[in-house]
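What follows draws every value from the coordinates through simple rules; no lab data is involved. Predicted, not measured: the structure shown is a model, and the values here were computed from it. Cβ coordinates were reconstructed from backbone atoms using ideal geometry, including for glycine residues, and neighbour counts include every protein chain displayed.
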Amino acid sequence: MAESFDIAIVGAGITGCAIARQLARYENSICVIEAGNDVALGASKANGGLVHAGYDPAPGTVKAQVNARGCELYSQWSNELGFLFNRTGSMVLGFSADDHAALERLMQNGRANGVPELEIVGPEHIRHLEPRANEQATCALWCPSTGYVDPFDVAIACAENATANGVTFLREAPVQAIDTLLGNAPLPVGSRRLSDQPERFAIHTPKGTVRCRILVNAAGNGAALISHMAGAEEFKLAWRQGNIAVLDKEPRALMPLYPVPTPISKGVIVTGTVHGNTVITATAALREPGDRDTYAADVETLLNGARKLVPDLDTRRVVRTFAGGRAVIEGLNDFMIGPSAVLPGMFHAAGIQSPGVASAPAIAERMDRVLHDTGLDLEKRPDWNPMRRAPEDFDRSSPQHQAELIEHDPAWGRIVCRCETVPEAEIVQAIHRSPGAVSVEGVKRRCRAGMGRCQSGFCQSRVVHILARELGCEPSAVPLEDRGSWIVDGTLKEGR
Ligand SMILES: Cc1cc2nc3c(=O)[nH]c(=O)nc-3n(C[C@H](O)[C@H](O)[C@H](O)COP(=O)(O)OP(=O)(O)OC[C@H]3O[C@@H](n4cnc5c(N)ncnc54)[C@H](O)[C@@H]3O)c2cc1C
């Protein structure tokens, strides 16, 4: 069975979801096609969540442009979409005259990229800005515009807002083949309304065929394959793997502290999170595509790097380590955003290695502009709503609001995750959002059940039980993450 849309976006990572949110403002039908059973399953769930300011990409690169602009847009996007964003500022710490010279170069780079208010500060100012920064640091690049987010929260918020504005999300639909229906026929000049254009692509998935006029390739580590399937550019993606460690919550979240960067990496960074944890991010090593293992040597590199920036950091408080892979286009240290040079109607947002989180709103904005630049007439929807009402967050609510919620429904008072204070009603809400959670990890990313210091030791079976009840399936059919990652064999005590 084939369904037709004006625009199909392949990949529901932060890039695809941000583009869907941006393009949903036009009178066009849009489908996001995702291989996994949820949004933000690729690199978008396995990163440091830093909204880097944009002082390190080489001036003139696409990366430099979208990084600085993306960082700027985050205030607006977080207001509209209701996700948490802390613009705390950051420091790159230097310990020598050589480091000072490197910071000067970084500052010039940042100014060329349009990053505002960069300044090199001395020891007294460093201590004032972040009292826990290494007191051996003699200089620092102070950058007030840096911030951090929960990256999957951003992707989910974009997906929910896109859905509310009419976008369809097709999940568990890995693209297996793409037919080009018009070959290399150029986009016609004349009637440029997108909906008047002929269909150009038939995208085959196990969930059926999606036909579309415009195809946006935002498939992360699968982007080279999508381009190849469509007969567009041939390129190779390397998997630049990174390990990350999450520490328990601190009374006060740390300001992001960076070392002086290397040519390929920002180095090991220590940062607070929007929920008060500390994150040490990230190593960078070329590994086999798909390798999400954590390595003892990498974790050692993380802890040593972190101690150099924050000597009093209690690295025994690590609650979780994980890994992800940056999709790096071989031979191009840049993002590829724009129309295919060989296949009319196809647009790439590929090679979004890092900083794809920081850049996402600007990548979406750029994709919007690029579509207009081809001469397509995209009509604004009069009823487009940029606002998303964030779900209730019991733990962050006032005692009065908590009491009102419990009064309304006692399930708000049944705490399932004790570490993060997540009640049953909040889990039910996460399952019934659109697109909603269908796995234990999907619940965790939406409302933090299982995200705390016990890492779901106490609440996992209850979350499985609630998912099975709400989705109308057996507990044994509830996956930890993707289809096949079953965790229960039989019945649950509570479910009997
Ligand atoms: C360790 C690490 C730390 C990082 N830290 C930061 C940071 O602090 N700040 C920052 O800005 N950036 C950071 N990044 C980079 C950031 O995570 C990525 O740039 C960003 O997540 C890329 O998002 P994406 O949507 O392009 O790709 P992805 O999130 O990988 O999404 C691509 C999606 O496409 C889907 N897909 C692939 N093939 C197919 C197919 N055939 N059919 C259908 N769907 C398909 C996948 O399932 C996936 O969901 C980090 C990355 C790593 C690995």
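Which lysines, on any chain, are close to LYS63 with Cα under 30 Å apart, when same-chain ones fewer than 8 places away are left out?
Cα-Cα hits under 30 Å: LYS45, LYS236, LYS266, LYS308, LYS380.
Fully extended, how many nm does the chain gain between PHE458 and CYS473 (0.36 nm per residue separation, minus their Cα-Cα distance)?
3.2 nm
Using 1/(1 + (r/R0)^6) with R0 = 30 angstrom and r between the beta carbons of ASN79 and LEU225, what's the FRET efficiency to the nearest 0.05?
That pair, ASN79 with LEU225, gives E of 0.25.
What's the FRET efficiency of THR294 with VAL342 using the Cβ-Cβ distance as r and R₀ = 41 Å, to the nearest 0.05?
For R0 = 41 Å, the calculated efficiency reads 0.55.
5 Å is the cut-off here: which amide hydrogens, built 1.01 Å from N in the peptide plane, fall below it relative to ARG414, excluding neighbours closer than 5 in sequence?
Answer set, sorted by chain and number: GLU424, ALA425.
Could you derive backbone 3J(HN,Hα) for segment 42-50 from the dihedral phi with the Karplus parameters 6.51, -1.76 and 1.60 (θ = phi - 60°), listing whole Hz in sequence and x where the residue is Gly or Pro?
With the stated coefficients, segment 42-50 comes to x, 4, 5, 9, 10, 8, x, x, 7 Hz.
Could you give the nm distance between label points at ARG317 and LEU492, where each point is 7 Å from its Cα heading toward the beta carbon?
3.1
Gap in Å between the Cα centre of segment 212-263 and the Cα centre of segment 341-359?
Cα centres, segment 341-359 to segment 212-263: 11 Å.
Quick one: the Cα spread of the chain along its three principal axes, in angstroms, biggest first?
Result for the chain: principal-axis Cα extents of 64, 62, 43 Å.
Under 13 Å from a label point 7 Å along Cα→Cβ of ARG483: give me every residue in segment 23-59 with its amide N that close.
34-38
If you count, for each residue, the other Cβ atoms within 10 Å and average over each peptide, how do 454-465, 435-446 line up from highest to lowest?
435-446, 454-465
So which DSSP H runs in the chain come out at 30 Å plus along the axis (Cα) with average Kyte-Doolittle of at least 0.5?
Both cut-offs are met by no helix.
If I model a spin label at ILE264 and ARG287 as a point 7 Å from the Cα along the Cα→Cβ vector, what separation in nanometres do I get?
Going from the ILE264 label point to the ARG287 one covers 1.4 nm.
With bins 5 Å wide starting at 0, give me the P(r) of segment 1-77 over every alpha carbon pair, in whole percents.
Result returned by the calculation: 3, 13, 18, 20, 20, 15, 7, 3, 1, 0.
Which residues does a label at SER434 reach in segment 379-407, if reach means a backbone N under 20 Å from a point 7 Å past the Cα toward the Cβ?
381-392
Rounded if a/c is under 1.5, else prolate if a/b is larger than b/c, else oblate: which is segment 88-130, with a ≥ b ≥ c the root eigenvalues of its Cα gyration tensor?
oblate
Counting Lys +1, Arg +1, Asp -1, Glu -1, what net charge surrounds PHE169 among other residues with beta carbon under 14 Å of its beta carbon?
-1
Given H placed on each backbone N at 1.01 Å, which residues far from GLY36 in sequence or on other chains put an amide H within less than 5 Å of it?
GLU172, ALA173
Order the peptides 144-156, 22-34, 300-312, 475-487 from the highest to the lowest mean number of other Cβ atoms within 10 Å of their residues.
144-156, 22-34, 300-312, 475-487
Any chance you could run the full-extension gain for GLU104 through ARG389? It's 0.36 nm times the residue separation minus the Cα-Cα distance, nm to one decimal.
Using 0.36 nm per residue and subtracting the Cα-Cα distance, I get 98.3 nm.
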